[in-house]
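The values are calculated or read from the model by the stated rules, or taken from the named source; none is laboratory data. Just so you know, these numbers come straight off a predicted model, no measurement behind them. Positions of Cβ are backbone-derived with ideal geometry, glycine not excepted, and every protein chain shown enters the neighbour counts. These area figures cover heavy atoms from the full protein model, side chains too; ligands, DNA and RNA do not enter into them. Shrake-Rupley method; radii C 1.70, N 1.55, O 1.52, S 1.80 Å.
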Amino acid sequence: MANPCEILTPDQMRRVEDAAIAGDATTATALMEAAGQAAAERIATHWPDAENALILCGSGNNGGDGYVIARHLAARGWQVRVVALALPSGPQAQAAARAWGGPVVPLGGPVLAAGQGVDICIDAICGIGLNRPLAADLAGLLRAIAAAGVPLVAVDILSGLCAASGRALGDVELPAADLTVSFHRPKLGHVLAQGGQLSGRLEICDIRLEPYQPAAGACVTLAHADAGVLKRQGHKYSHGHLLVLAGGPGRGGAARLAARGALRVGAGLVTVGCPADALAENAARLDAIMLRALPDAAALTQMLRDRRLNAICLGPGLGHDLARAMLPAALAAGRATVLDADALGAFSETPDTLFAALHDRCVLTPHDGEFARLFPDLARRMDRDRPGFSRLEAARAAAQRAGAVVLLKGPDTVIAAPDGQARIAAATGENAAPWLATAGSGDVLAGIIAGLLARGQPPLAAAASGAWLHAEAARRFGPGLIAEDLPDQLPAVFRGIG
């Protein structure tokens, strides 16, 4: 693939196909044939000992893909049973059904009972065009098949999932697919919301659409970290100096976690600034990280006259009162700044006050609860059963409103900039990192992002690379992870990149 990190909306995928067809590079029939053949090959590769397939075909083009898959699996010697929900409705699907030529059983009988003993069930019911809830009987059929221990393969996307938002539409319970075979590029619904948990292993097949792309810059991309995050020659100040603000006695753990994340990610120097009565506690736990007494906002303003202090992390364990006192001075300095935890919670009642003070070098890192308090209208729109308004759209709208990069944390972390550029750090499916659901992991993420800002990365790149590094560190450690383990996994992650 030209850019394997791109993720498309359903509309973008349709435009790519239409452009290829209009350019005489292919035809709709050829695309369906290529998709069905590629899917059959992937299925046969994953289950080399399988011999029997049950294929559920809808009336549209996704069902047409199913008929093509049936023909190719039968040519490999498989016993194939096709169950049709309705007659094919379009010319390509009708042609695919005719080319299949084998028996087709209408839905309505005891499908599961008739399919007992099948090795694989292939879901070719809806595809990426679904805009309404899956019928309850179909959802029940898919659940029953999965409950019987039959592996479930989704063609393009699991039926019942919105390909634009990843949400399971309506109040319908869906099973998880074992394998999702999609085409050309991943879709948003494969990584966002329930789609990230229900798509199983995602494999993207090439169907020869490479020359045709959506408009430049229009695609969301998967977050990743490349060799640009590795350190180059220089002295410590050439890699930046980060200031992490900490709370009073007994509240310093979160800031220390952030500071260690920043130092491990390569910031040249890291200083923890805290009230004077918390110095001894922090000194007992820190060595390479420096300490500075910061009693109030005036002391912070004085400290930031040193231009070598080029980035700030504000919020972890700070406390709401101290966050409200320190934030104006921190933002007035114009440094690259991460606002996390208490720096966000302190303004949950007056978010416009926060937004008015932000500048374009800020990164906000809310989890869902903090996001709902800062952007209540956007959170409500996400919660409604609207196919088009996803976590991505919510994060984009929030970034535009705030005038800063917004990183909406979750297994499907979304990072958006005010100009609409966006990245998704998907820790779902094969890349899941459930061990990150532990106290303090978000503080480490804030520190990693702040450390990358101190090293000179732009806010969107720092947030996206930081989110990927954070999840990759968790994947490398595995079960039993606690937040303190995350920074110490970063050297191994960097070696893998290098």
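Brief remarks follow.
- So ILE43, is it outside any helix (DSSP H, G or I), buried (at least 20 other Cβ atoms within 10 Å of the Cβ) and within 34 Å of the chain's Cα centre (by Cα): no
- Odd one out for VAL405, checked against (1) closer than 24 Å to ASP11 by Cβ; (2) surrounded by 24 or more Cβ atoms within 10 Å (Cβ to Cβ): (1)
- The single condition among (1) touching a helix residue (DSSP H, G or I) at 6+ places or on another chain (Cβ under 7 Å); (2) of a type outside the set (Val, Ile, Thr); (3) open to solvent by less than 40 Å² (accessible area, probe 1.4 Å) that ALA395 does not meet is (1).
- Of the residues making up the range 398-429, those that are among the hydrophobic types (A, V, I, L, M, F, W, C) and closer than 17 Å to ASP360 by Cβ are ALA398, ALA399, ALA402, ALA404, VAL405, VAL406, LEU407, ILE415, ALA416, ALA417, ALA422.
- Check on ARG455, buried (at least 19 other Cβ atoms within 10 Å of the Cβ), farther than 17 Å from VAL414 by Cα and of a type in the set (D, E, K, R): yes
- Qualifying residue in the range 161-183 (condition: farther than 23 Å from GLY64 by Cβ and of a type in the set (S, T, N, Q)): yes
- Residue check, ARG308 in contact with a His (Cβ under 6 Å, 6 or more places away or on another chain), over 20 Å from HIS367 (Cα atoms) and assigned by TED's automatic domain parsing to the domain that holds ALA402: yes
- Qualifying residue in the range 222-229 (condition: of a type in the set (Asp, Glu), in a loop (DSSP other than H, G, I, E, B), open to solvent by 20 Å² or more (accessible area, probe 1.4 Å) and in the same structural domain as GLU393 (by TED's automatic domain parsing)): yes
- Which listed residue is surrounded by fewer than 24 Cβ atoms within 10 Å (Cβ to Cβ), at pLDDT 95 or above and under 29 Å from the mean Cα position of the chain (by Cα), from GLY345, GLY334, GLY319: GLY345
- If you go through the range 46-73 and keep only what is assigned to a helix (DSSP H, G or I) and open to solvent by 20 Å² or more (accessible area, probe 1.4 Å), you end up with HIS46, ASN61, ARG71, HIS72.
- Contact map, the range 55-82: residues that are farther than 20 Å from PRO10 by Cα paired with residues that are among the acidic types (Asp, Glu) and assigned to a loop (DSSP other than H, G, I, E, B), Cβ distance under 7 Å, separation 6+ or inter-chain. Pairs shown: TRP78/GLU51; GLN79/GLU51.
- Being crowded, with 17+ Cβ neighbours inside 10 Å, modelled with pLDDT of 95 or more, assigned to a loop (DSSP other than H, G, I, E, B) and at positive phi holds for only one residue in GLY266, GLY247, and it is GLY266.
- Filtered residues of the range 307-316 (kept if assigned to a loop (DSSP other than H, G, I, E, B) and either open to solvent by less than 20 Å² (accessible area, probe 1.4 Å) or in contact (Cβ under 8 Å) with a residue 12 or more places away in the chain (or both)): ARG308, GLY315, PRO316
- Out of GLU210, GLU203, sole residue that is open to solvent by 20 Å² or more (accessible area, probe 1.4 Å), within 24 Å of GLY36 (Cα to Cα) and either part of a strand (DSSP E or B) or touching a strand residue (DSSP E or B) at 6+ places or on another chain (Cβ under 7 Å) (or both): GLU203
- First in the range 165-176 and open to solvent by 30 Å² or more (accessible area, probe 1.4 Å), second anywhere and among the hydroxyl-bearing types (Ser, Thr, Tyr), Cβ under 8 Å, 6 or more apart: ARG167/SER390; ALA176/SER199
- Identity of the residue in the range 461-473, under 22 Å from VAL406 (Cβ atoms) and of a type in the set (A, V, I, L, M, F, W, C), that ends up surrounded by the fewest Cβ atoms within 10 Å (Cβ to Cβ): ALA461
- The range 433-452, subset open to solvent by 40 Å² or more (accessible area, probe 1.4 Å) and assigned to a loop (DSSP other than H, G, I, E, B), residue farthest from ARG475 (Cα to Cα): ALA439
- Among all residues of the range 109-131, there is none that is under 28 Å from the mean Cα position of the chain (by Cα), in a strand (DSSP E or B), within 24 Å of MET382 (Cβ to Cβ) and not β-branched (Val, Ile, Thr).
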